[in-house]
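Student: Can you read through this structure? Questions will come right after.
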Amino acid sequence: MNVRIDESWKAVLQPEFDKPEFERLTSFVRQEYARGTCYPPAKLIFNAFDHCPFDKVKVVIIGQDPYHEPGQANGMCFSVSPTTPMPPSLVNIFKEIQNDLGTPPPPNGDLTRWADQGVLLLNATLTVRAHAAASHQRQGWEEFTDAVIRELNVRRDHLVFILWGSYAQRKGAIIDRTRHLVLTSVHPSPLSAHAGFFGNHHFSTANAYLIQHGQTPIQW
């Protein structure tokens with residue numbers, strides 16, 4: 001299949017795009033978008049990849065599902081459109097960045113600037129029906145994003161994988177800890193942030209690892 005995605009990712013993931021399972025997933029997604037409102041906008045489904053080419057990835061943050069309310073999802077996990085108020089988890093992420101690095105929160109929750117520096121903001125499921133959380137799970141996206149993680153794990157060295165919450169940690173179980181740095185904690189959700197997210201120092205730890213391996217740190 002000819003999928004509109006950054007060419008570096010197309011070269012790596014073409015075997016996935018050619019599978020019958022991905023063709024079935026594509027058919028499902030097209031039907032869903034034709035039937036009613038889905039998020040993110042179709043042109044932004046692969047936005048995380050388009051802003052962060054395969055050979056430029058330094059850090060991978062794994063999320064679960066796109067936001068499912070209007071004006072939120074922009075194709076990157078935890079990120080929202082610039083005009084949208086920050087969701088609670090993202091507010092907590094910036095609180096931890098401020099505590100960890102002293103960097104004040106930005107004016108909005110658009111994380112494109114992270115992606116452009118090499119942070120792959122990867123949701124496990126890349127689409128969702130409006131107002132219906134998890135509505136596109138178990139249709140094939142999870143297998144596709146597993147392949148993304150697998151290819152990064154095998155083809156790249158010295159990446160930082162940030163896994164917040166049990167779902168992300170299960171999805172990242174295949175990562176080779178001898179080749180990459182894997183940082184884990186509870187999710188930044190208000191339900192769990194005080195049980196180990198605050199104070200995890202993931203952002204300074206990630207940057208120290210990148211510097212150690214000759215990479216430019218992320219401006220969080």
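The values are calculated or read from the model by the stated rules, or taken from the named source; none is laboratory data. Source: prediction; values computed, not measured. Please note: Cβ atoms are built from the backbone with ideal geometry, for glycine as well, and neighbour counts cover all protein chains shown. Ligands, DNA and RNA are stripped out before the accessible areas are found, and what is left, the full protein with its side chains, is counted by its heavy atoms. Shrake-Rupley method; radii C 1.70, N 1.55, O 1.52, S 1.80 Å.
Student: Among 131-141, 64-74, how do they line up from the highest to the lowest mean number of other beta-carbon atoms within 10 Å?
Tutor: So the order, starting with the most tightly packed, is 64-74, 131-141.
Student: So, one more: What share of the DSSP beta bridges in the chain is antiparallel, in percent to the nearest 5?
Tutor: 20
Student: OK, next. Need the C-alpha centroid separation for region 148-192 versus region 79-101, integer Å.
Tutor: Spelled out, the Cα-based centre of one part sits 20 Å from the other.
Student: Moving to a separate point now. Mean separation of Cα pairs under 8 Å and 6+ residues apart, divided by the residue count of region 53-197: what relative contact order is that in percent?
Tutor: Relative CO of region 53-197 lands at 29 percent.
Student: Roughly speaking, to the nearest percent, how much of region 1-101's 1.4 Å accessible area is carbon and sulfur?
Tutor: 53
Student: Tell me, what is the per residue accessible area of the chain in Å², probe radius 1.4 Å?
Tutor: Heavy-atom accessible area per residue stands at 46 Å².
Student: Further question: Using θ = phi - 60° and the Karplus curve 6.51 cos²θ - 1.76 cosθ + 1.60, what whole-Hz ³J(HN,Hα) does each residue of region 206-214 get, with Gly and Pro shown as x?
Tutor: For region 206-214, the Karplus curve yields 4, 5, 4, 5, 4, 4, 4, 9, x Hz.
Student: Report the gain in length on full extension from Gln14 to Gln137: 0.36 nm times residue separation, minus Cα-Cα distance, nm rounded to one decimal.
Tutor: The Gln14-Gln137 span can extend by a further 42.1 nm.
Student: Further, regarding this structure: With θ taken as phi - 60° and the coefficients 6.51, -1.76 and 1.60, list the Karplus ³J(HN,Hα) couplings across region 181-197 in order, rounded to whole Hz; mark glycine and proline as x.
Tutor: 8, 10, 10, 10, 6, 5, 6, x, 3, x, 5, 10, 4, 6, 9, x, 6
Student: Follow-up. If I compute Cα Rg over 2.2 N^0.38 Å from the structure I just sent, which labelled value in (1) 1.11; (2) 1.01; (3) 0.97 lines up?
Tutor: Correct label is (3).
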